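What follows is a set of notes on a single structure, which appears directly below.
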Amino acid sequence: MSVTLLLVQILNGLQFGVILFLVAAGLTLVFGVMDFVNLAHGVQYMIGAYLTATAVAATGSFGLGLLIGLAAALGLGLVMEFVLFRHLTRRDHLEQVLATFGVILVATDGVKMIFGPAPIALSVPEAFSGSIALMPGLLYPVWRLVVIASGLFVAFLLWFLITRTRIGMLVRAGSTHPEMVSALGVDIDRLFLFVFAFGAMLAGFSGAMAGPILSVEPHMGDTVLILAFVVIVIGGIGSVRGALVASLIVGLVDTLGRAFATDLLRLVVDRSSAAQAGPAIASMAIYLFMAAVLIFKPSGLFTGERATWTK
């Protein structure tokens with residue numbers, strides 16, 4: 001194990017963690033404010049990648065295509081909330097799970113009908129193509145650094161919006177005392193519409209940023225949805241700061257485990273046994289970590305109370 005390889009894998013883990021945060025942040029916002037279990041959040045991640053890829057192909061500009069894709073993801077989130085999800089917010093969680101699972105099936109088949117089952121390309125912007133030397137012997141793709149920087153900027157933006165703006169004050173109040181906020185003259189349904197659409201746009205942005213790294217295909221949201229739920233369970237349901245910290249931890253644990261689990265096992269068992277057990281342990285690592293967190297702190301690493309958004 002070389003230092004260069006270790007640093008590369010750490011950066012890969014951070015980049016993967018940032019992608020998870022962008023998905024989990026929208027998911028925890030929706031659950032924290034609306035108490036709504038949205039299994040279709042992974043679909044919004046997938047659709048955001050497809051919308052951006054289509055817009056980039058049509059305009060020939062990644063920047064313009066990204067803006068169009070985000071606007072379309074925001075608009076789609078508004079439509080989905082108004083047409084379907086608004087009628088589920090006051091239902092129990094089981095009905096929400098069943099309805100949003102149906103949305104997954106319909107949306108996935110719809111994407112296959114429109115774009116086909118094969119992956120489509122979303123190229124890295126020319127300005128961010130290639131690699132940069134971070135230190136002697138360490139070249140790292142510029143786009144992955146852009147993804148990391150973008151995710152950290154979104155984390156700061158979320159913190160600012162939630163803690164320093166009027167809309168953030170209403171979001172915090174609406175998450176715990178919706179009746180009181182409504183009695184003060186605030187349209188709580190409009191507030192929930194804003195939160196859901198913003199969460200959908202975050203998921204779409206995550207899909208757009210991951211598209212040049214991963215393949216844009218109909219089932220790309222399935223795995224990331226499971227990991228996003230793992231993130232919000234580890235970080236604490238309703239905690240945006242917890243989502244950020246847990247996303248980075250999960251990204252590092254998953255990436256470093258897949259890269260080095262087999263080599264570390266060779267220190268204690270024979271090569272054949274390590275080759276068999278290493279990949280299995282690596283794939284289970286984040287779930288074992290989640291189980292450990294739930295044993296010692298069932299509410300997550302950070303508070304699970306939706307009232308304390310900044311804690």
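Residues being more than 22 Å from Thr28 (Cα to Cα), β-branched (Val, Ile, Thr) and surrounded by 18 or more Cβ atoms within 10 Å (Cβ to Cβ): count how many of those fall in segment 38-60.
Looking only at that region, the number is 3.
Exactly one of (1) part of a helix (DSSP H, G or I); (2) under 16 Å from the mean Cα position of the chain (by Cα); (3) closer than 20 Å to Leu74 by Cβ is unmet by Leu14. Its number?
(3)
Of the conditions (1) among the aliphatic types (A, V, I, L, M); (2) assigned to a helix (DSSP H, G or I); (3) free of Cβ contacts under 8 Å to residues at least 60 places away in the same chain; (4) open to solvent by 50 Å² or more (accessible area, probe 1.4 Å), Leu152 clears all except one; give me its number.
That leaves (3) as the condition not met.
What residue, of Gly77, Gly102, Gly63, Gly110, is part of a helix (DSSP H, G or I) and buried (at least 20 other Cβ atoms within 10 Å of the Cβ)?
Gly77
Give the residue, chosen from Gly221, Gly168, Gly236, Gly199, that is modelled with pLDDT under 90, more than 13 Å from the chain's Cα centre (by Cα), within 22 Å of Leu78 (Cα to Cα) and open to solvent by less than 20 Å² (accessible area, probe 1.4 Å).
Gly168
Could you tell me whether segment 281-301 includes any residue that is among the β-branched types (Val, Ile, Thr), out of contact with any Cys (no Cβ under 6 Å at 6 or more places or on another chain) and open to solvent by less than 20 Å² (accessible area, probe 1.4 Å)?
yes
With respect to Met180, is the statement that it is part of a helix (DSSP H, G or I), open to solvent by 30 Å² or more (accessible area, probe 1.4 Å) and either of a type in the set (Val, Ile, Thr) or farther than 20 Å from Ala49 by Cβ (or both) true?
Answer is yes for this residue.
Leu27 - would you say it is part of a helix (DSSP H, G or I), touching a Phe, Trp or Tyr at 6+ places or on another chain (Cβ under 9 Å), open to solvent by 50 Å² or more (accessible area, probe 1.4 Å) and closer than 16 Å to Phe192 by Cβ?
No.
Run Ser123 past the list (1) closer than 21 Å to Val224 by Cα; (2) open to solvent by less than 60 Å² (accessible area, probe 1.4 Å); (3) within 21 Å of the chain's Cα centre (by Cα) and report the number of the one that doesn't hold.
Unmet for Ser123, out of (1) closer than 21 Å to Val224 by Cα; (2) open to solvent by less than 60 Å² (accessible area, probe 1.4 Å); (3) within 21 Å of the chain's Cα centre (by Cα): (2).
Taking the conditions exactly as written (out of contact with any Lys or Arg (no Cβ under 7 Å at 6 or more places or on another chain), surrounded by 14 or more Cβ atoms within 10 Å (Cβ to Cβ) and within 30 Å of Ala261 (Cα to Cα)), does Leu20 satisfy them or not?
Values: out of contact with any Lys or Arg (no Cβ under 7 Å at 6 or more places or on another chain): yes; surrounded by 14 or more Cβ atoms within 10 Å (Cβ to Cβ): yes; within 30 Å of Ala261 (Cα to Cα): yes.
In short, yes.
May I ask you to say which residue of Arg91, Arg86 is more than 21 Å from the chain's Cα centre (by Cα), part of a loop (DSSP other than H, G, I, E, B) and surrounded by 11 or more Cβ atoms within 10 Å (Cβ to Cβ)?
None of the others qualify; the one that does is Arg91.
The values are calculated or read from the model by the stated rules, or taken from the named source; none is laboratory data. Here the structure is a predicted model, which means the values were calculated and not measured. Ideal geometry is used to build each Cβ from the backbone, glycine not excepted, and the neighbour counts take in all protein chains shown. We work out accessible area using only protein heavy atoms, side chains counted, and drop any ligands, DNA or RNA first. Shrake-Rupley method; radii C 1.70, N 1.55, O 1.52, S 1.80 Å.
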